[in-house]
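Colleague: I'd like to ask you about the structure that follows.
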Amino acid sequence: MPKPYKAHTAITGPLARRQTLRDLAQVLPLFVVLFFLFGGAVVLAVLQSFGYAPWFGINEFPSTHYYERLWLSADFWLSLGYTLYYAIAATLIGLVISIPLSIALCARFKASRIFSALIRLPLMVPYSVGIALALVMLGNGGLLSRFSAFIGWIDDPAQFPLILRTHWGWGIIAVYVWKQVPFMTLALAAVLVRKGDDTHEAALVLGATSSQIFWRVTLPQIMPGIVSASLICFAFNIGAFEAPFILGGGYPDTLPVLAWRYFQDANYAFQLQGMAVVVSLALVSGLILSLYLLAYRRYERARGRV
Amino acid sequence: MTQVQLKNLSKVFSGAPAVDAIDLDVVSGEFLVLLGPSGCGKTTTLRMVCGLEQPTSGSIWFNEADVTQVCVQNRRVGLVSQRFGLFPHMTVEQNVAFGLSVRGLPAELQKKQVNEMLDIVHLSEFANRFPSQLSGGQCQRVAIARTLVTKPDVLLLDEPMASLDTLLRAQMRQFIRDLHDEYGMTTLLVTHDQVEAMDLADRIAVIFDGRIAQLATPEEIYQNPVNERTARFMGHSNIFECTPSSDGHIESPFGRLTLGTPARPRANQPTKAMLRFESIQIDSHKSDTQHNVLKGTIKRAEFLGAMMRYTLQVAQGTLTVEEASTNIRKTGEVVSISLPPEQIWLLDASA
Amino acid sequence: MRKASLRSSQMLLASALVFANMSSALLAESAPGVFRSEFLKGNLGWADVTAKARTEGNVNFYYWGGSDLINLWVDQVAVPELAAEGIKLNPVRITATKDTVDVVIAQLAAGRGEEQGSVDLVWVNGENFFSLQQQNALWGAFANRLPNSVNFEWDEADARSLLNLRDFGVATEFQEMPFSGEQYVCSVNRAYVSTDQTPATFAELKTYLEANPGKFTYVKPPHYLGNTFVQSVLYAHNPDGTGAEPYQKTFEDLGSAELARLIEPGFDYLKSIEPLLLGGPSGQTRYPESSGELDNMFLNSQVHFNCKFGVFANHTGLITGAYPEQAEEMIFPRGNMIKNKNYLAIPLNSPNPAAALVAINYFSSVDSQASRLKTAGMPVGLDVWRLNQSDKDLIEASAPPHYGITQQELDDNTAPDTNASLVDVIEATWLAVIERKEDKPIADIVAQVSGELNN
Amino acid sequence: MKLKGHTQPRDFKAINPWQRLLVLAMVTFTIAPFAPLVIQSLAFRWAWPNILPTVWWHEQRGLSPLPLAWDYVFSSSSRVAEATANTLGIGIAVTLLCLVVCLPAARVLAQSNFRGKSQLEFLIVLPLLLPEAAIGIALLMIFIGLGLAGTYVGVIIVHLIPTIPYMVRMLTAVYQGHGTEAEDHARVLGASRSQVFFQVTLPMILPGVIAGCLFTFLVSTNLFLLTFFIGQGEIITLPTLLFAKISGGALNATGAGIALIASLPGIILLFFTDRFIRSYPLAT
């Protein structure tokens, strides 16, 4: 006599709906954390930028005053320009280094494991360590300047080219690149490994040269990795604070530093002004990243991959 | 012994029906094969029987009990799938014991049953290996052992031999059939391989586009497929257009042919007829007195090992013939062939 | 040391006798705010305060933690000595006092009022004190009620009380207690600058720079060190020759036009030396963003001078290796070496106000100030003339050495700070004139920036 | 016909000289700056133009009235021990919390379709776009009101914002690569949901989960601005301690020492992950 099939006891109702509910329950914590924590932050930032800060005795909501003052000042656009310049320059230099580097690290050579580990080191340490390294290496009293004096290029630290504290931002870019090349390299190496050697071999057999293989076979295949890595790095660079604060050229500062200065001012009205800076920054960053993604999607669609 | 019934079973994936109102009655202890091309809905049907998919509508019954809302853990089914789904982090022994251990069986009993089962599948010496250290056939035997040790009421096999090489496949077919005969449990097998289906099945359900096109014994389906699609799917046939006449003949590109059984379709309606490669007999010395004896020229000869396959130009059409390769003919040779009237099947155009 | 403890035990005894009727135990359990109002009304004796302080047990001390020396002193001296009085000092090192002011104000706005906050004690001065005062976030007028307030001059009639009563021109109203007194002092690298070359006035500095271009710079305003340099320039170039005196008034009292008239010669000077400052010769004048950066430039002989608030900065620079070996102090600018005090304040919602009072009283003691002077090189905040001879001797004995100058010379060249309301305008003017190189009359710039600030 | 001969047949999988040069240059760029950092941490006075310090820390040790360089770093006054403990503790707590929140969600995102899924995916990426400063300052006021500012709980919660996007992304990829085959079989074999998860899924996706955890831990331990705002100076971590040391734009011996200490967790993790990835049998 066969035993009867016992129905699932815990929940009543169709099995399919139960599964959906279970799925929802599993997504819920993530949603709650993001929605309330992150969403709360966004709402508060926007509210403050429109003049709502009763805790400082300021409530002029809704006032576009802070945006008007910000967007009408030339300083803001200069700051925005510097912010974008450092972010874009660092991301591009990072890509130019990490694409060939990731390919090189995927090649076979002695002690490749140790080299990859050493190159990964900056990824593991805080940004401020990178800044400390920039300070000891790149300053006018830094080690490079001392070596220059040692070999007789200069006889006063003032003669050493300005790397830190300049609006050219070489110091900032150096730190970004130092920190982000490992990240990009790691991301690209993962894509390279996943794609395998098949296409490379096929291209070789078809008689392509190394540079043809790179430009026409490898690069298009690792494009998704390039896009996602550069996206993350660019978004980070645009909002980064420590490096431009410590290594930047001062006024006009990048937008995150400008916001920080406003927040540090004893006058609380400036805090709201700072919020307007931060919200503007987020808007600009969101806009640029969406455009970038859109362009990329068009590229992918042209290749029939979306 | 469990009887499995599918009643009006449907599954819709994002608007498109994958399984379309299937009704199927699997006799208890039967070995039923769901045969169809990939994407026809046979795997989805199996997964619904298993409980891994929820039907959009319809119901599944095991022995007069509606199990549609019984969750997969409680259905007492066994599943062996194409990639076996072995647990890579467990040894063979742990894999086989898994179903027993999650049921809380005492360790000693587990050990005993697992050892017995490993004996049956000839894997005792591999008990402590990991799946990554086994060959494909061994992995499959582990998968079967892991399933059988739980003594499922219904055994579900989802293309279990697709990832094996040809030689192993034949061995495993024998092994699975033997196991079924020994345990006698109701078995559903999903495959797209008609040889496998005919070898194993008590009955075959041919599925196209989420519907059962034909449900019959292998012999019946082979010899009398309901439509052209089924016919094409079941082995190699010459399929040609023809027009039946009321006197038991058809007009074909090869001339007027005699049929063994009276034509089912109405006379003078164009339809299609089917004739298996191996049914055609070649004999160049025979006289022209028999039924359906024609002359053809060999255009192409293929050596298939035990068989030779010839493509013949016969009157206005071409016919493909298979013959044992004891006597190899050359291209250009003119031969006489006979088409046995009882082997010519008219296909149901409407089905 | 023995004297001080004798005196405090006398105080203890006296207050215990007078206020014996108050029950400390009762007070410890009272509702929030009772302690504050009773203390401020003068109904509590010091014994009650110390008793309540011990029941509170903790005091959260927020202070700028950027100096290893001060950190060491707090951890190694202040914490154990307060522990001996039954109070656990929790030092919280912050990078900017503004952050702590924000916390206090936001807590109050969120309804976390008296005794419900998290900050007990904050090292503060100038703008941040002004913010707290403006937002009614201060605990009350306690400074003259502490036993060790005897070490300070509170008599308004005595001009020397100014730094105790006014903080950047803002009346302290006894809501903060002097912690330390600092002076803007410059050091010179004797490896490059001989005694007779050493400038004592701004004109001499310019002469020196014309001969040695690029060998001086100052910290960039709005950093307070930069502001202070600019203020001393303005004092020295006061067209009326009245030095710091008009800069004690508020902006409203002085008026925009008058301020512009006063500061114009000073800004002319600042503009004129800009091409002579560090990087100036190559067209890119560099102002360090902090004193640490300037220290580094001084050590690496990028500049020959280093000006900062630090009476004993030269000494601590030498013993930590931060200054070049031949660093010496100099009297510059003669007569305008700005001196101010920094303070300890209690926020209104201090969770442990009694312990905070006890801690402030401890920080104001002669022993504590002497040990801090000795180990951290941080000048005393108390007024030495109020002390008895042995305490005076103790302070003098604890003082680190000076290099090339004397304490007397420093005292003789003192100038007061600028009123806080003017500081904002002057720093904004500096940014407009020097940083952004706006080519407009000073009067227009002052009017413009002051308008923006009061917006 | 004559084939055009290549100069020399070469194994295309082997590194070529240019690539070797690039790798060496990058390793130098990455590692070399640590040498002056170490020297700085051992220096008492190291002025331009000396390549090495004129006075070393150990020469001055006995003469100075206060602990110098490493003596200060290792003294309790430097707060290095406290900051290290906080950094690691917060990192572990954030990682575990993040895992608990993200693991179930990642499975759903990888394996099922539901209405609003693409919106949720968008929401998950958003924190990467908004500057840390905005999040920190905006949340500070709420956190002060809730009494979370300056507490471990507050810092841990706020660290979730930038770590969640990474964790979800990595775990979703892990689940996508893993599929559901083994789970299906386990369920058919009668395992309950928790049995499936702990006995089948978790052991199989463990390498991916650990990689996600390590990365999350890394992001958390490297966070400065959010810790700085929400920690209010009361919760100090290695990044905030180091920032306070270098924010002036100069680096002294104790700053260099703290920078080296702040690099230690990363260096240890680097070798640990390398070893881990090598020794785990499922990784290949």
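The values are calculated or read from the model by the stated rules, or taken from the named source; none is laboratory data. In this text, all values refer to a predicted model and were calculated from it rather than measured experimentally. Please note: Cβ atoms are built from the backbone with ideal geometry, for glycine as well, and neighbour counts cover all protein chains shown. Surface accessibility is based on the protein's heavy atoms, side chains included, excluding ligands, DNA and RNA. Shrake-Rupley method; radii C 1.70, N 1.55, O 1.52, S 1.80 Å.
Colleague: Would you confirm, using the coordinates I've provided, whether A:ALA266 is more than 8 Å from chain D (Cβ to nearest Cβ), of a type in the set (A, V, I, L, M, F, W, C), touching a Gly at 6+ places or on another chain (Cβ under 8 Å) and within 22 Å of D:LEU225 (Cα to Cα)?
Modeller: Here the answer is no, as A:ALA266 does not meet what is asked.
Colleague: Scan segment C:78-94 residue by residue and report those that are more than 11 Å from every other protein chain (Cβ to nearest Cβ) and either open to solvent by less than 30 Å² (accessible area, probe 1.4 Å) or of a type in the set (A, V, I, L, M) (or both).
Modeller: C:ALA78, C:LEU82, C:ALA83, C:ALA84, C:ILE87, C:LEU89, listed by residue number.
Colleague: For residues that are open to solvent by less than 10 Å² (accessible area, probe 1.4 Å) and within 14 Å of chain A (Cβ to nearest Cβ), scanning just segment B:28-51, find the one that is farthest from B:GLN194 (Cα to Cα).
Modeller: Restricting to residues being open to solvent by less than 10 Å² (accessible area, probe 1.4 Å) and within 14 Å of chain A (Cβ to nearest Cβ), the top hit is B:GLY51.
Condition check ((1) surrounded by fewer than 24 Cβ atoms within 10 Å (Cβ to Cβ); (2) in contact (Cβ under 8 Å) with a residue 60 or more places away in the chain; (3) more than 10 Å from chain D (Cβ to nearest Cβ)) across all residues:
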residue	(1), (2), (3)
A:PRO122	no, yes, no
A:GLY130	no, yes, no
A:GLY139	no, no, no
A:ILE154	yes, no, no
A:PHE160	yes, no, no
A:ILE163	yes, no, yes
A:HIS167	yes, yes, yes
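Colleague: C:ARG436: out of contact with any Leu (no Cβ under 9 Å at 6 or more places or on another chain) and assigned by TED's automatic domain parsing to the domain that holds C:PHE332, yes or no?
Modeller: Against the criterion (out of contact with any Leu (no Cβ under 9 Å at 6 or more places or on another chain) and assigned by TED's automatic domain parsing to the domain that holds C:PHE332), C:ARG436 qualifies.
Colleague: Still on this structure, I have one more. Search segment B:52-67 for residues that are open to solvent by 50 Å² or more (accessible area, probe 1.4 Å) and pair each with any residue that is aliphatic (A, V, I, L, M) when their beta-carbon atoms are under 7 Å apart and the residues are at least 6 apart or on different chains.
Modeller: B:THR56/B:VAL12; B:TRP61/B:VAL67
Colleague: Can you list residue pairs whose Cβ atoms sit under 6 Å apart, with the first residue in segment D:57-76 being at the interface with chain C (Cβ under 8 Å from one of its Cβ atoms) and the second being surrounded by 17 or more Cβ atoms within 10 Å (Cβ to Cβ) and of a type in the set (D, E, K, R)? Count only pairs 6 or more apart in sequence or on different chains.
Modeller: Here the result reads D:TYR72/C:ASP68, each pair linking segment D:57-76 to a residue that is surrounded by 17 or more Cβ atoms within 10 Å (Cβ to Cβ) and of a type in the set (D, E, K, R).
Colleague: Open to solvent by 30 Å² or more (accessible area, probe 1.4 Å), farther than 30 Å from A:THR83 by Cα and either at pLDDT 90 or above or hydroxyl-bearing (Ser, Thr, Tyr) (or both): does that describe A:THR218?
Modeller: no
Colleague: Can you tell me which residue among A:LEU80, A:LEU34 is more than 30 Å from B:GLN69 (Cα to Cα) and modelled with pLDDT of 90 or more?
Modeller: Unique residue meeting the criteria: A:LEU80.
Colleague: Given the options B:LEU79, B:LEU86, name the one that is facing another protein chain (nearest Cβ under 9 Å), open to solvent by 10 Å² or more (accessible area, probe 1.4 Å), of a type in the set (A, V, I, L, M, F, W, C) and not in a loop (DSSP other than H, G, I, E, B).
Modeller: Being facing another protein chain (nearest Cβ under 9 Å), open to solvent by 10 Å² or more (accessible area, probe 1.4 Å), of a type in the set (A, V, I, L, M, F, W, C) and not in a loop (DSSP other than H, G, I, E, B) holds for just one of B:LEU79, B:LEU86, which is B:LEU79.
Colleague: For segment C:119-165, how many residues are closer than 23 Å to C:TRP64 by Cα, away from chain A (no Cβ under 14 Å) and either in a strand (DSSP E or B) or modelled with pLDDT of 90 or more (or both)?
Modeller: 11
Colleague: Suppose we keep only residues that are closer than 28 Å to C:ILE105 by Cα and hydrophobic (A, V, I, L, M, F, W, C) within segment C:138-157. Which one would you say is surrounded by the most Cβ atoms within 10 Å (Cβ to Cβ)?
Modeller: C:ALA143
Colleague: Can you pull out every residue in segment C:53-77 that is more than 30 Å from D:THR240 (Cα to Cα) and open to solvent by 10 Å² or more (accessible area, probe 1.4 Å)?
Modeller: C:ARG54, C:THR55
Colleague: Can you tell me how many residues within segment C:288-301 are in contact with a helix residue (DSSP H, G or I) (Cβ under 6 Å, 6 or more places away or on another chain) and open to solvent by 10 Å² or more (accessible area, probe 1.4 Å)?
Modeller: Result for segment C:288-301: 1.
Colleague: Determine, yes or no, whether D:ALA182 is closer than 26 Å to A:LEU186 by Cβ, aliphatic (A, V, I, L, M) and in contact with a helix residue (DSSP H, G or I) (Cβ under 8 Å, 6 or more places away or on another chain).
Modeller: So D:ALA182 fails the test.
Colleague: Taking C:PHE305, is it within 21 Å of A:ILE154 (Cα to Cα), outside the structural domain of C:GLY66 (by TED's automatic domain parsing) and crowded, with 20+ Cβ neighbours inside 10 Å?
Modeller: No: the conditions fail for C:PHE305.
Colleague: Something else: Would you check if D:ALA149 is within 21 Å of A:VAL33 (Cβ to Cβ), more than 12 Å from chain A (Cβ to nearest Cβ) and either without any contact (Cβ under 8 Å) to a residue 60 or more places away in the chain or surrounded by 20 or more Cβ atoms within 10 Å (Cβ to Cβ) (or both)?
Modeller: Yes: the conditions hold for D:ALA149.
Colleague: Still on this structure, please answer the following. Checking the structure you have, find out if any residue of segment D:29-52 is buried (at least 17 other Cβ atoms within 10 Å of the Cβ), more than 11 Å from every other protein chain (Cβ to nearest Cβ) and part of a helix (DSSP H, G or I).
Modeller: No, because not a single residue in segment D:29-52 is buried (at least 17 other Cβ atoms within 10 Å of the Cβ), more than 11 Å from every other protein chain (Cβ to nearest Cβ) and part of a helix (DSSP H, G or I).
Colleague: Give, as residue ranges, the strands (runs of 3 or more DSSP E) completely inside segment B:119-227 that count at least 1 residues that are touching a helix residue (DSSP H, G or I) at 6+ places or on another chain (Cβ under 8 Å) and surrounded by fewer than 22 Cβ atoms within 10 Å (Cβ to Cβ).
Modeller: So the answer is B:203-208, B:211-216.
Colleague: OK, next. Taking segment A:93-115 only, how many residues are in a helix (DSSP H, G or I), free of Cβ contacts under 8 Å to residues at least 40 places away in the same chain and of a type outside the set (Lys, Arg)?
Modeller: 6
Colleague: Could we say that A:ILE154 is more than 21 Å from the chain's Cα centre (by Cα), assigned to a loop (DSSP other than H, G, I, E, B), under 18 Å from D:GLN40 (Cβ atoms) and not acidic (Asp, Glu) here?
Modeller: no
Colleague: Filter segment C:96-116 down to residues that are in contact (Cβ under 8 Å) with a residue 40 or more places away in the chain and buried (at least 24 other Cβ atoms within 10 Å of the Cβ) and give me whichever is farthest from C:PRO416 (Cα to Cα).
Modeller: The extreme case among them is C:GLN107.
Colleague: Residue under question is B:GLY39, and the condition is that it be free of Cβ contacts under 8 Å to residues at least 12 places away in the same chain, assigned by TED's automatic domain parsing to the domain that holds B:GLU182 and either within 16 Å of B:THR68 (Cβ to Cβ) or over 19 Å from the mean Cα position of the chain (by Cα) (or both); does it hold?
Modeller: No: the conditions fail for B:GLY39.
Colleague: If you don't mind, another one. Looking only at segment C:314-328, filter to residues that are open to solvent by less than 10 Å² (accessible area, probe 1.4 Å) and either on the phi > 0 side of the Ramachandran plot or out of contact with any Leu (no Cβ under 8 Å at 6 or more places or on another chain) (or both); which one of those is nearest to the other protein chains (Cβ to nearest Cβ)?
Modeller: Here the answer is C:GLY321.
Colleague: Give segment D:91-112 a look and list any residue that's β-branched (Val, Ile, Thr) and within 23 Å of the chain's Cα centre (by Cα), or say none.
Modeller: Once the filter is applied, which keeps residues that are β-branched (Val, Ile, Thr) and within 23 Å of the chain's Cα centre (by Cα), segment D:91-112 yields D:ILE92, D:VAL94, D:THR95, D:VAL100, D:VAL101.
Colleague: Moving on. Any residue in segment C:428-439 that is among the hydrophobic types (A, V, I, L, M, F, W, C), buried (at least 19 other Cβ atoms within 10 Å of the Cβ) and more than 14 Å from chain A (Cβ to nearest Cβ)?
Modeller: no
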